[in-house]
Amino acid sequence: MTDGLEFARDGDVARLRIARPHKKNAITHGMWAAIPGLVAEVERDPGVKVLLLTGAGEDFSAGADISEFGELRSSAEGAASYDKVVDGAVRALSGLRKPTVAMIRGNCIGGGCQISVACDFRFAAEGARFGITPAKLGIVYDFPSTKQLVSLIGPAHARYFLLSGQLIDSARAREIGLVNDVFAADELEESTTDFVRTLCARSQSSIRGMNRIIEKILAGQENADAEVDEIRFGALHDEDYAEGVSAFLNRRPPNFTHR
């Protein structure tokens, strides 16, 4: 395992924890590079239904480890190579068909916020802080992550984030749609876990199919295509569909077993 990342499976849930609390969970180049492989492992494992991302200690992540920039981003070529690794991590997370949930405490800034935006859901503790700060470093934020941010919170709020580099609190983050919900610090773990259990109880074929369709919409597709038709009509022949209808008609909870 790469230093600074902890990865474990807990039943239906895979947990990826950013674990450099002495550095506010700053993300190193090696950590960025390791994320796609871990995501691929989640995708391959038929027993995993949800990927939960957290941070060790008091923070989610204060961003990329800027102490590496002098060596790794000192030239245009170095910066392009570094950005390619970051982009690979972001694309891996956003392209995962299984749901991804970020559970956020403390600082969620820069690259940490970038990772959270790449997830499907974000739940935060009261007092968490959010910001994306390229304008403080003379960096232009990359296109895929900018598009994700604009799609999530709209262009006006995205401009505020990116152009000012100002931080916002968890209440404001919820107001603008950056996070799905905010909980008291001592309730965050239980509330997030309850939602993860809900995802695990749903039809996984439905979840993955709908995640793929949402991905295509965010990529700019406006109409159904052959892949969308295959996803939708294929679901009608899936055992989850038969179980869901039977459960509804018999007024019982469904027991989806198809992975």
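Please identify the pairs in which a residue from the range 74-103 that is loosely packed, with under 14 Cβ neighbours inside 10 Å has its Cβ atom under 9 Å from the Cβ atom of a residue that is of a type outside the set (A, V, I, L, M) and outside any helix (DSSP H, G or I), counting only partners at least 6 apart or on another chain.
Ser81/Arg73
Restricting to the range 178-197, count the residues that are without any contact (Cβ under 8 Å) to a residue 60 or more places away in the chain and within 13 Å of Asp120 (Cβ to Cβ).
1
Which of the residues that make up the range 104-135 are crowded, with 24+ Cβ neighbours inside 10 Å and of a type in the set (Ser, Thr, Tyr)?
Selection gives Ser116 alone.
Scan the range 47-55 and give yes if some residue there is free of Cβ contacts under 8 Å to residues at least 40 places away in the same chain and either surrounded by 15 or more Cβ atoms within 10 Å (Cβ to Cβ) or closer than 30 Å to Phe195 by Cβ (or both), otherwise no.
Of the range 47-55, the ones free of Cβ contacts under 8 Å to residues at least 40 places away in the same chain are none.
So far as the range 47-55 goes, no, none of its residues is free of Cβ contacts under 8 Å to residues at least 40 places away in the same chain and either surrounded by 15 or more Cβ atoms within 10 Å (Cβ to Cβ) or closer than 30 Å to Phe195 by Cβ (or both).
Could you say whether any residue in the range 173-182 is more than 17 Å from the chain's Cα centre (by Cα) and not assigned by TED's automatic domain parsing to the domain that holds Glu239?
Step one: list which residues in the range 173-182 are more than 17 Å from the chain's Cα centre (by Cα), which gives 175-176.
Imposing the further condition that a residue be not assigned by TED's automatic domain parsing to the domain that holds Glu239 reduces the set to 175-176.
Checked the range 173-182: at least one residue is more than 17 Å from the chain's Cα centre (by Cα) and not assigned by TED's automatic domain parsing to the domain that holds Glu239.
Got a number for residues in the range 231-259 being loosely packed, with under 12 Cβ neighbours inside 10 Å and within 23 Å of Leu96 (Cβ to Cβ)?
Quick first cut of the range 231-259, residues loosely packed, with under 12 Cβ neighbours inside 10 Å only: 233, 236-237, 245, 248-253, 255, 257.
From what is left, the residues that are within 23 Å of Leu96 (Cβ to Cβ) are 257.
Adding up the residues that qualify gives 1.
What single numbered condition from (1) assigned to a loop (DSSP other than H, G, I, E, B); (2) under 17 Å from Leu93 (Cα atoms) fails to hold for Ala33?
The failed condition is (1).
Please verify whether Met1 is hydrophobic (A, V, I, L, M, F, W, C), modelled with pLDDT under 95 and either surrounded by fewer than 21 Cβ atoms within 10 Å (Cβ to Cβ) or touching a strand residue (DSSP E or B) at 6+ places or on another chain (Cβ under 8 Å) (or both), treating the condition exactly as stated. Break it down into steps so the answer makes sense when it comes.
Values: hydrophobic (A, V, I, L, M, F, W, C): yes; modelled with pLDDT under 95: yes; either surrounded by fewer than 21 Cβ atoms within 10 Å (Cβ to Cβ) or touching a strand residue (DSSP E or B) at 6+ places or on another chain (Cβ under 8 Å) (or both): yes.
In short, yes.
The values are calculated or read from the model by the stated rules, or taken from the named source; none is laboratory data. These figures come from a predicted structure and were not determined experimentally. When we count neighbours, we look across all protein chains shown, and the Cβ atoms used for this are built from the backbone with ideal geometry, even at glycine.
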